[in-house]
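Student: Starting off with a structure, shown below.
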Amino acid sequence: MVRQKSRWLLIRIEYESDVKNISKDEWENQQQDQQKDATALLPTDLVRTQLYHSIRCTMEDAFGIAASGITEDMQVLFYNTDTGLAMIKVPRDSSNLVRSAITIMTQLNNVPMVATVLSTNGSARTAKLATIRVLKRMFQNRYVVPTQERLKTLQEYMDQIVCHVD
C-alpha cells in the first residue's frame, strides 16, 4: 500500500468588517460585538463544514466539475472563529489547486470575506509550529503588554491546535 502524502494549509479568514481601516479603540469594540456575529454563534463543526463546502464550490466554479472531485480527500482539521485561523489537510498533488480556490473565495456563509494562505507545510509537526508562530505574532501585534488572561487565551488556542492537528 502506498502512503498518501499530504500538505497542511494554514489559512486566515478575515471578514469584511475586520478588514476595514478603523482605530484601535473601534477595533476592540468591534471584537466584542463580533461575538454576536452569525458565524461566531455557530458551532465550530458547522463552520468547518461550511468552509469545506465553500472551497468545494469555488473549485467547481473555477476549475470545473473534475476539480470538485479532488476535494473528496480534503479535510478541514480546525477553524477558530476568534482568530480566524483554519487548518486544511489536502493531498500533495492537489494542494496548488486548493490554494488557488482559497485565494479566490469571496464569501463564507453569505458573508463577504478574504482568505489568505499563510503557510503550506509538509507534516503535522511543522503545521503545528507554523500555527503557533502565527498565533504568537497575532497576539504580539494585538496586545503590546500581555496580561495573564491574554496569555491563558493564547495557551488555550495552542492546546486546541495540538489536539486537532495530528
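Student: Tell me which of these residue 83 doesn't satisfy, since it passes every other one: (1) in contact with a strand residue (DSSP E or B) (Cβ under 7 Å, 6 or more places away or on another chain); (2) farther than 19 Å from residue 4 by Cβ; (3) in contact (Cβ under 8 Å) with a residue 60 or more places away in the chain.
Tutor: (1)
Student: Kindly indicate whether residue 68 is outside any strand (DSSP E or B) and touching an Asp or Glu at 6+ places or on another chain (Cβ under 8 Å).
Tutor: Taking the combined requirement at face value, the residue satisfies it.
Student: Shifting gears a bit: For the structure I just gave you, tell me whether residue 126 is over 15 Å from the mean Cα position of the chain (by Cα) and either assigned to a strand (DSSP E or B) or modelled with pLDDT of 90 or more (or both).
Tutor: In short, yes.
Student: Please determine, by comparing only the residues of the range 81-105 that are under 19 Å from residue 46 (Cα atoms) and modelled with pLDDT of 85 or more, which one is most open to solvent (accessible area, probe 1.4 Å).
Tutor: 89
Student: Sticking with this one: Select, from 158, 113, the only residue that is more than 21 Å from residue 15 (Cβ to Cβ), modelled with pLDDT under 90 and either within 13 Å of the chain's Cα centre (by Cα) or in a helix (DSSP H, G or I) (or both).
Tutor: 158
The values are calculated or read from the model by the stated rules, or taken from the named source; none is laboratory data. Given the structure is predicted, the values throughout are model-derived calculations rather than measurements. Because the Cβ atoms are built from the backbone with ideal geometry, glycine has one as well, and the counts that use them run over all protein chains shown. Accessible surface is based on the protein model in full, side chains and every heavy atom, while ligands, DNA and RNA are left aside. Shrake-Rupley method; radii C 1.70, N 1.55, O 1.52, S 1.80 Å.
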